[in-house]
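Read-outs: derived from the displayed coordinates by stated rules, not from any lab. The model shown is predicted, which means the values in this text are computed figures rather than measured ones. Virtual Cβ from ideal backbone geometry, glycine too; neighbours counted across all protein chains shown.
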Amino acid sequence: MTYDITHILPAYNESKRIRETVTQAVEYFARKGWTAQIIVSADGNDGTREIVREMAQSNPHLLCIGEDTRRGKGRGIREAVALAAGRYIGFADADNKVPIEDFDTIFPWLEKGIEVVIGSRALAKSSIEKSQPLYRQLGGKTFGYVMRSLTGLSVGDTQCGFKFFPHHVAKALFSLQLVDGYMYDVEILVIATRLGYRIQEVPVRWRDDGDSRLDLISGNIRNMRDILRTSRSHRHLSPASAPKAATTAAHLR
């Protein structure tokens with residue numbers, strides 16, 4: 001079955017919030033009159049997958065994958081994209097840092113044929129409803145400077161987990177994506193840039209939930225290693241190697 005959209009929710013031990021997040025996404029796309037495939041990619045052992053699979057008994061368009069072992073957000077999304085059947089494919093954080101209604105600002109750019117449309121906290125019209133602690137804001141600025149120096153990316157906000165693509169673009173990007181951890185965001189944007197895809201940042205509402213899963217020392221060391229790996233792994237890519245769409249982008253109702 002082909003869907004209008006596949007919406008992916010990567011999750012790690014999100015049993016307290018996953019039911020609400022899935023319900024909001026299902027109801028939002030239903031209001032729009034769109035057929036939606038929802039894939040929850042849930043690692044962990046707190047019952048998140050069991051909740052989603054119970055919900056799927058009454059919604060055949062809801063799918064849950066994942067394992068008890070924490071295998072990484074990048075890997076979870078990569079495996080979900082491989083299963084995605086939507087004309088458009090995207091993902092959002094399972095803790096609802098960006099409200100699903102903000103897809104309203106994403107969709108017009110997809111209709112224009114833009115290959116990569118991403119939510120951004122770095123634009124003038126972005127709205128930060130609840131900020132991160134100051135030390136994380138400063139760490140984020142330092143990360144951004146180092147990351148852009150290493151990769152050459154000019155994207156203002158690579159880490160907002162609200163990104164959408166036409167079907168063929170998502171499949172192409174994630175077929176090349178290697179990073180299992182948090183730096184998958186940077187990696188797919190590097191791949192997209194080297195393939196010649198256009199990237200459009202869109203202002204969104206964003207709220208910190210105070211539940212960061214990143215260890216500031218070991219986590220950031222791993223992140224820097226993954227960024228260096230990304231720069232080396234994809235240097236051979238060029239626009240000539242970008243797959244073309246099999247069909248023209250569909251217009252949703």
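Working note: Karplus 6.51/-1.76/1.60 with θ = phi - 60° gives the stretch 111-119 the couplings 4, 6, x, 5, 7, 9, 10, 10, x Hz, where Gly and Pro are set to x. Beta bridges from DSSP with both residues in the chain: antiparallel share about 20 percent, rounded to the nearest 5. With both labels modelled 7 Å from their Cα along Cα-to-Cβ, the Asp208 to Ile128 distance reads 0.8 nm.
Here the Gaussian network model covers the chain, with springs between Cα atoms less than 10 Å apart; of Ala122, Ala42, Ala82, Ala82 fluctuates the most. Which value in deg cm²/dmol, rounded to the nearest 500, describes the helix-derived mean residue ellipticity at 222 nm for the chain, given -39,500 (n - 2.57) per DSSP H run of n ≥ 4 and division by the residue count? My calculation for the chain gives -12500 deg cm²/dmol from helical runs alone. Taking square-rooted eigenvalues a ≥ b ≥ c of the alpha carbon gyration tensor, is the stretch 69-134 rounded, prolate or oblate, where a/c under 1.5 means rounded and, failing that, a/b exceeding b/c means prolate? Judged from the Cα gyration tensor, the stretch 69-134 comes out oblate (a/c at least 1.5, b/c at or above a/b).
Distances between every pair of Cα atoms in the chain, grouped in 10 Å steps from 0 to the bin holding the largest one, split as 7, 32, 39, 20, 2 percent. Our coupling estimate for the stretch 66-72, obtained by passing each phi through the Karplus curve with A = 6.51, B = -1.76, C = 1.60 and θ = phi - 60°, is x, 9, 4, 6, 6, 9, x Hz, Gly and Pro reported as x.
3J(HN,Hα) along the stretch 43-56: 8, x, 10, 9, x, 4, 4, 5, 5, 5, 5, 5, 5, 5 Hz, from the Karplus curve 6.51 cos²θ - 1.76 cosθ + 1.60 with θ = phi - 60°, whole Hz, x for Gly and Pro. Residues whose amide H lies under 5 Å from that of Ile199, counting only those 5 or more places away or on a different chain, are absent; hydrogens are built 1.01 Å from N in the peptide plane. Placing a pseudo-label 7 Å from each Cα along the Cα-to-Cβ vector at Ile221 and Lys32 gives an inter-label distance of 4.2 nm. Considering only Gly66, Gly152, Gly90, the Gaussian network model of the chain with Cα springs below 10 Å gives its largest mean-square fluctuation to Gly152.
Each of Phe162, Phe107, Phe174 was scored by other Cβ atoms within 10 Å of its Cβ. Arranged with the fewest first, they read Phe107, Phe174, Phe162. Database remark: amide H of Ala11 closer than 5 angstrom to the amide H of Ser41, Ala42, Asp43 (H placed geometrically; neighbours at sequence offset of 5 or more, or on other chains; Pro and chain starts carry no H).
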